[in-house]
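Enquirer: Okay, here's the structure, questions in a sec.
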Amino acid sequence: MAWRCSGLSNADLVNRLVQAKLVHTEAVKQAMLAVDRGHFSKYKPYEDAPQTIGYNSTISAPHMHAAALESLSPFLFPGAKVLDVGSGSGYLTACMAEMVGPQGRVVGVEHIPELVVKSEENTKKGHLDFMEEKRLAFYTADGRTGYRQDAPYDCIHVGAAADSMHEELVDQLKAPGRMFIPVDEGLGQAIYVVDKDEHGRVTKKKTMDVWQMRGSIIWLLDSKHQKNIKDDACGNYCRATHSSIVANFHKYLPL
Ligand code: SAH
């Protein structure tokens, strides 16, 4: 799937994602057309692959952004309140802000302060209005505990691989609400969708496997650790801790 949808411009990229049926919801298509990925990635923005944004971090691949927006689209309605944990470049956060409209509110939480500054600058290149209206705000914080000040949220996107279910995030979901969260499962990540129904009952479902190169998984961890890891050490870290991570994640809500 990766590499298949690369384009020469933002519109070309989005149209290829539509042709490949990775984008099929009109609101998702319009949001991806309205937010130029070229404002958020210095390197090869229209290639269907993750790109480095520094600090051992990446902007995710366009097909992954499409998968997240499609999965969360029922909860990205005008006026919705949304949390993006690990907002990185700010690209997906801005797409979600486009979808929730001027009455909505999207909070991006990122633990590397330099990336928070950069994500604000990136957003302002095309959507200064999002920041001025306070429809979109980025904060430096540890996203593992969510962002209580604006909770509860109609949906939560987690952009880094979790090592457990992070109950505080589930608590910060509205009923109904949905969370999109990647978990490492050895050779790659699996995406889980956690749904809270209108009665507050929580269920989870594995929706896709994502193959990723060793060392390319970005973890939901503490900022000091992330800044200090080297690419290779990251791969070793992932491998060393993988089985306990999967066990932790499933302890909270067995499949
Ligand atoms: N979705 C974003 C970034 C994906 S990379 C984009 O496409 O641009 C995942 C991001 O999660 C990284 O920027 C990393 O710094 C951040 N991150 C990792 N652990 C975190 C934590 N505990 N709290 C907040 N952000 C975290």
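Enquirer: Please list, ordered by first then second residue, the pairs with beta carbon atoms under 6 Å, 6 or more apart or interchain, first in segment 148-165 and touching a residue at least 24 places away in the same chain (Cβ under 8 Å) and within 17 Å of Ser87 (Cα to Cα), second outside any loop (DSSP other than H, G, I, E, B) and acidic (Asp, Glu).
Expert: Matching pairs, first to second residue: His157/Asp84; Ala161/Asp184.
Enquirer: Considering each residue of segment 73-88, count those that are surrounded by fewer than 24 Cβ atoms within 10 Å (Cβ to Cβ) and not small (Gly, Ala, Ser), and give that number.
Expert: 4
Enquirer: Looking only at residues in segment 139-179 that are within 25 Å of Ser57 (Cα to Cα) and of a type in the set (S, T, N, Q), which one is farthest from the ligand (Cβ to nearest atom)?
Expert: Restricting to residues being within 25 Å of Ser57 (Cα to Cα) and of a type in the set (S, T, N, Q), the top hit is Ser164.
Enquirer: Right, next: Assuming Ala31 fulfils every condition listed in (1) under 30 Å from Lys224 (Cα atoms); (2) modelled with pLDDT of 95 or more; (3) within 16 Å of the ligand (Cβ to nearest atom); (4) crowded, with 18+ Cβ neighbours inside 10 Å apart from one, which condition is it?
Expert: Checking Ala31 against (1) under 30 Å from Lys224 (Cα atoms); (2) modelled with pLDDT of 95 or more; (3) within 16 Å of the ligand (Cβ to nearest atom); (4) crowded, with 18+ Cβ neighbours inside 10 Å, the one that fails is (1).
Enquirer: Looking at Pro74, Pro78, Pro102, Pro113 in this structure, which one is away from the ligand (no atom under 14 Å from the Cβ), more than 24 Å from His24 (Cβ to Cβ) and at pLDDT 95 or above? Steps first, answer last, please.
Expert: On the way: Pro74 fails: more than 24 Å from His24 (Cβ to Cβ); Pro78 fails: more than 24 Å from His24 (Cβ to Cβ); Pro113 fails: away from the ligand (no atom under 14 Å from the Cβ).
Exactly one of Pro74, Pro78, Pro102, Pro113 is away from the ligand (no atom under 14 Å from the Cβ), more than 24 Å from His24 (Cβ to Cβ) and at pLDDT 95 or above, namely Pro102.
Enquirer: Could we say that Gln172 is in contact (Cβ under 8 Å) with a residue 60 or more places away in the chain and buried (at least 20 other Cβ atoms within 10 Å of the Cβ) here?
Expert: Details: in contact (Cβ under 8 Å) with a residue 60 or more places away in the chain: yes; buried (at least 20 other Cβ atoms within 10 Å of the Cβ): yes.
Yes; evaluated as a whole, the condition is true for this residue.
Enquirer: Return the pair list, or none, for Cβ contacts closer than 9 Å from residues in segment 41-62 that are at negative phi to residues that are among the basic types (Lys, Arg) and assigned to a loop (DSSP other than H, G, I, E, B), at least 6 apart or on different chains.
Expert: Correct list of pairs: Asp48/Arg4; Gln51/Lys42; Gln51/Lys44; Thr52/Lys42; Ile53/Lys42.
The values are calculated or read from the model by the stated rules, or taken from the named source; none is laboratory data. Model, not experiment: these values are computed from the prediction. Glycine gets a Cβ as well: all are built from the backbone with ideal geometry, and neighbour counts include every protein chain shown.
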